[in-house]
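Data block below; observations after.
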Amino acid sequence: AGVADAVRELGIPVFGPDQAAAALEGSKTFAKRIMDEAGVPTGRAVKVSNLVDAEAALDEYGAPYVIKADGLAAGKGVLVTGDRDAAVAHASHWLVQGPVLIEEFLDGQEVSLFMFADGHDVLPLSPAQDYKRLGDNDEGPNTGGMGAYSPLPWLDAQFGSESAFVNEVIETIALPTVRQLESEGTPFVGLLYCGLIITSKGIRVIEFNARFGDPETQVVLPRLVTPLSQLLLASANGELGGMDRPEFSSDVAVTVVLASENYPETPVTGRVLTGIDAANAVDGVHVAHAATTDKDGALLATGGRVLSVVATGTDFAQARERAYDALGKIHLEGGQFRTDIAARVAQ
């Protein structure tokens with residue numbers, strides 16, 4: 001919306017990109033062009049403006065089909081499906097509002113990695129993994145995220161260490177992207193969210209966001225030891241170069257999202273929430289509100305993803321136990337949540 005531009009014009013440091021640089025999230029087409037110019041590894045994609053071209057692209061890339069609205073779509077613009085009719089319907093729906101991208105399907109483990117950026121340099125946060133599908137075992141529709149965990153111990157087996165993975169992302173993805181934007185006169189200052197997938201051919205970018213994204217933020221920031229304010233200010237003032245990387249505790253973190261009935265299609269809102277205080281009283285737990293409001297002394301759900309129960313622990317088994325214990329104390333009629341967040345790393 002250009003809020004950062006207006007504030008910067010007054011000489012105030014801003015942690016957040018100008019409108020032009022924020023197009024990295026606001027326009028999938030812009031992001032693909034920047035990646036192409038910078039040589040950043042990502043999936044092949046074609047931009048279409050009509051259904052005939054969309055169907056031709058779907059047939060060229062084949063199933064599973066990946067369809068993305070070009071602009072912002074509140075987490076609902078992406079469809080990955082093996083059903084061609086569903087793919088065509090999704091493309092048709094979003095083409096009314098603007099261009100659509102048809103992309104090749106990338107298969108592998110997804111990783112979210114946040115980067116502080118000051119327009120020239122970057123500093124990484126700790127990786128996290130998000131669960132996009134609504135239901136257990138990654139079934140159901142795509143959502144804005146139903147839970148997450150951090151760190152990712154399985155990166156050690158694939159890359160030797162978490163830091164080796166992070167270094168590769170910095171060198172091949174984050175820095176080239178930030179430097180490309182700088183060279184075009186649209187420096188990116190703020191939080192660069194790298195949505196990544198580890199394919200058989202290497203790390204690829206699924207998408208960029210220009211902000212902290214939930215639910216991953218809820219598992220990364222509780223583990224951050226370095227003062228967050230120090231990192232925000234250094235980013236805003238162009239002073240990340242030469243700074244030490246942020247330090248993280250050895251604790252792990254798990255977050256589970258509580259969503260309303262019928263989320264993500266037509267979530268039922270206005271229902272009463274109870275048990276929040278009891279959930280917050282569980283060791284290592286805090287509740288992060290997303291779509292709640294206080295009305296006449298009662299707490300009501302006002303949206304699809306209502307809240308996140310965030311738990312830290314010395315290991316994933318403990319963090320999971322705490323998260324689901326706390327979630328069991330919260331009541332929302334028709335509420336739904338996944339039961340398998342971080343299950344595979346807790347074994």
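The values are calculated or read from the model by the stated rules, or taken from the named source; none is laboratory data. Predicted, not measured: the structure shown is a model, and the values here were computed from it. Virtual Cβ from ideal backbone geometry, glycine too; neighbours counted across all protein chains shown. With ligands, DNA and RNA removed, areas are computed over all heavy atoms of the protein, side chains included. Shrake-Rupley method; radii C 1.70, N 1.55, O 1.52, S 1.80 Å.
About the centre of its Cα atoms, region 244-347 shows a dipole size close to 200 debye [charges on the beta carbon of Lys, Arg (+1) and Asp, Glu (-1) only; nearest 20 debye].
Counting other Cβ atoms within 10 Å of each Cβ, which trypsin sites (Lys or Arg not before Pro) in region 1-63 have at most 13 and sit in a DSSP loop?
Numbers: sites: ARG8, LYS28, LYS32, ARG33, ARG44, LYS47; in loops: ARG44.
Within region 1-63, the qualifying trypsin sites (Lys or Arg not before Pro) (loop, at most 13 other Cβ atoms within 10 Å) are ARG44.
Between HIS120 and THR293, residue separation times 0.36 nm minus the direct Cα-Cα distance comes to 58.3 nm. Per residue, the accessible area of the chain comes to 43 Å², computed with a 1.4 Å probe over protein heavy atoms only.
Per atom type, the chain shows carbon and sulfur on 49% of its accessible surface, probed at 1.4 Å.
Which of the lysines could be linked to LYS132 by a straight reach, that is with a Cα gap under 19 Å, when you skip same-chain ones fewer than 8 residues away? Output for LYS132: LYS28, LYS68, LYS76. Computed from the Cβ-Cβ distance with R0 of 35 Å, the FRET efficiency linking ARG133 to ASN280 stands at 0.80.
Simple rule: put +1 on each Lys or Arg Cβ and -1 on each Asp or Glu Cβ in region 105-222, find the dipole, and look at PRO153, LEU181, PHE165; the Cα lying farthest toward the positive end is LEU181.
Treating only the Cβ of Lys, Arg, Asp and Glu as charged (+1, +1, -1, -1), what charge dipole size does the chain show about its Cα centre? Round to the nearest 20 debye. If you can, show how the numbers build up before the last one.
Working: 25 positive and 47 negative charges, 60 e Å.
Roughly 280 debye, rounded to the nearest 20.
Here the relative contact order of region 236-347, from alpha carbon pairs under 8 Å that lie six or more residues apart, stands at 35 percent. Distance between the 7 Å Cα→Cβ label points at ARG245 and LEU51: 5.0 nm. Computed extension gain for ASP5 through GLU171, at 0.36 nm per residue and net of the alpha carbon distance, reaches 56.9 nm. The structure shown yields log10 I(q)/I(0) by the Debye sum over Cα atoms at q = 0.07 Å⁻¹, and of the options [x] -0.26; [y] -0.41; [z] -0.30 that calculated value carries the label [z]. Between ASP325 and GLU184, the distance separating the two model label sites (each 7 Å from Cα on the Cα→Cβ line) works out to 5.0 nm. The chymotrypsin sites (Phe, Trp or Tyr not before Pro) of region 171-255 that meet both conditions, a loop assignment by DSSP and at most 15 other Cβ atoms within 10 Å of the site Cβ, are PHE212.
Each of VAL111, ILE12, HIS331 was placed along the dipole of the chain (beta-carbon charges, centred on the mean Cα), and the one lying farthest toward the positive end is HIS331.
Given the -39500 (n - 2.57) contribution per DSSP H run of 4+ residues, what per-residue ellipticity at 222 nm results for the chain, rounded to the nearest 500 deg cm²/dmol? Could the numbers behind the result be given before it?
Details: 12 runs with 101 residues, N = 347.
The helix-only estimate for the chain comes to -8000 deg cm²/dmol at 222 nm.
Annotation for region 228-248 versus region 290-326: alpha-carbon center distance of 30 Å. The charge dipole of region 1-112, taken about its Cα centre with unit charges on the Cβ atoms of Lys, Arg (+1), Asp and Glu (-1) only, comes to about 220 debye.
Filter the GluC sites (Glu not before Pro) in region 245-300 down to the DSSP loop ones having no more than 14 other Cβ atoms within 10 Å, then list what survives. Kindly include the intermediate steps, with their values, before the conclusion.
Details: sites: GLU247, GLU261, GLU265; in loops: GLU247, GLU261, GLU265.
Hits after loop and neighbour filter: GLU247, GLU265.
Taking 35 Å as R0, compute the FRET efficiency from the Cβ-Cβ separation of ARG44 and ASP83 and round it to 0.05. Efficiency for this residue pair is about 0.95.
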